[in-house]
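The values are calculated or read from the model by the stated rules, or taken from the named source; none is laboratory data. Bear in mind the structure is a predicted one, so any value in this text is a computation, not a measurement. Heads up, the Cβs are rebuilt from the backbone with ideal geometry, glycines too, and the neighbour counts pull from every protein chain shown.
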Amino acid sequence: MKTIAGFMIPSIFIIVILWQFSVEACNHNKGGFMNLKTGLGVVAALALSGVMITGCCLPSSLSSKIGDEVGKSVEKNVNKAVKDSTGIDTTKTKEATGEDLKSVPRYPDSTRTLYIKGEPVGGNISISITYETKDAASKVVAWYKDKMAGLGWTVTLSIAAQDGGELISYKKGETETTATVNVTTANGTTNIGIMYNGAESGA
């Protein structure tokens with residue numbers, strides 16, 4: 001076992017150094033996208049080799065830990081290489097395709113994660129949108145209560161949750177236009193669900 005460990009430890013360090021060197025070379029290479037792909041291929045191959053070797057020759061608990069660290073390091077370096085070469089930050093959550101409502105405001109600095117638009121019926125339409133933010137649910141609820149009141153919406157139902165979230169139903173004046181704002185929390189993230197039903201022109 002000592003012989004194997006004596007061989008494996010320097011081998012692992014060599015693999016780590018090689019893939020980090022490959023990423024740095026890719027970052028500084030100005031040859032374009034094909035060189036970026038080649039560099040990332042080398043990184044992936046070296047990382048895979050390291051995980052395979054450690055999995056075969058080391059105890060499962062240690063090889064699993066090393067594999068996790070290798071994965072984190074590769075992901076970090078690959079994200080950096082892509083951002084430096086293309087300007088795209090792959091660590092940021094991508095927004096769902098869609099558009100924001102005009103009559104129900106979007107919470108500041110939130111990310112749209114869902115957008116569903118139904119077919120118009122008699123001039124009315126149903127739209128569901130979900131946003132997420134790191135702000136506290138209670139802060140989001142207070143913001144919507146203030147903004148919705150200022151836009152002429154009237155509360156018809158309110159159900160508060162213990163985590164600071166709340167489900168609030170609104171009606172716009174004497175029309176049949178309604179909206180629901182449902183603020184919940186999960187895994188440290190505040191989710192904002194919005195359902196709009198009413199005139200398509202007012203959406």
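For the stretch 146-189: of the residues being surrounded by fewer than 20 Cβ atoms within 10 Å (Cβ to Cβ), closer than 20 Å to residue 110 by Cβ and in contact with a strand residue (DSSP E or B) (Cβ under 6 Å, 6 or more places away or on another chain), which is modelled with the lowest pLDDT? If you could, list the steps in order and put the result at the bottom.
Here is the first cut: in the stretch 146-189, the ones surrounded by fewer than 20 Cβ atoms within 10 Å (Cβ to Cβ) are 146-147, 149-152, 154-164, 167, 169, 171, 173-178, 180, 182, 184-189.
From what's left, closer than 20 Å to residue 110 by Cβ: 146-147, 149-151, 161, 163-164, 167, 180, 182, 184-189.
Filter once more, so that each one left must be in contact with a strand residue (DSSP E or B) (Cβ under 6 Å, 6 or more places away or on another chain): 163, 167, 180, 182, 184, 189.
Values: 163: 89, 167: 98, 180: 98, 182: 98, 184: 97, 189: 96.
My answer is 163.
Among the residues of the stretch 115-144, just one is of a type in the set (D, E, K, R), more than 21 Å from residue 203 (Cβ to Cβ) and more than 18 Å from the chain's Cα centre (by Cα), namely 139.
So, in the stretch 140-199, how many residues would count as being under 26 Å from residue 120 (Cβ atoms) and of a type in the set (Asp, Glu)? Going through the stretch 140-199 one residue at a time, the tally reaches 2.
Return the residue satisfying two criteria in turn: it lies in the stretch 83-96 and is within 21 Å of residue 183 (Cα to Cα) and surrounded by fewer than 14 Cβ atoms within 10 Å (Cβ to Cβ), and of such residues it is modelled with the highest pLDDT. Write out each step before concluding.
Start the filter on the stretch 83-96 by keeping residues that are within 21 Å of residue 183 (Cα to Cα), which leaves 93-96.
Next cut, surrounded by fewer than 14 Cβ atoms within 10 Å (Cβ to Cβ) only: 93-95.
Details: 93: 57, 94: 77, 95: 88.
It comes out as 95.
Remark: pairs (first residue in the stretch 165-179, assigned by TED's automatic domain parsing to the domain that holds residue 193; second residue among the basic types (Lys, Arg) and assigned to a strand (DSSP E or B); Cβ separation under 6 Å; 6+ apart in sequence or on different chains) = 178/171. When 192, 116, 125 are checked against the criterion of being part of a strand (DSSP E or B) and at pLDDT below 95, 125 stands alone in meeting it. Any chance the stretch 103-111 includes a residue that's closer than 19 Å to residue 202 by Cα, in contact with a Leu (Cβ under 9 Å, 6 or more places away or on another chain), at pLDDT 95 or above and not assigned by TED's automatic domain parsing to the domain that holds residue 198? The answer is yes; a qualifying residue exists. Once the stretch 101-114 is narrowed to residues that are more than 15 Å from the chain's Cα centre (by Cα) and free of Cβ contacts under 8 Å to residues at least 60 places away in the same chain, the residue that is farthest from residue 185 (Cα to Cα) is 105.
Evaluation of residue 165 against the conditions (1) out of contact with any Ser or Thr (no Cβ under 8 Å at 6 or more places or on another chain); (2) more than 17 Å from residue 101 (Cα to Cα) shows that the sole unmet condition is (1).
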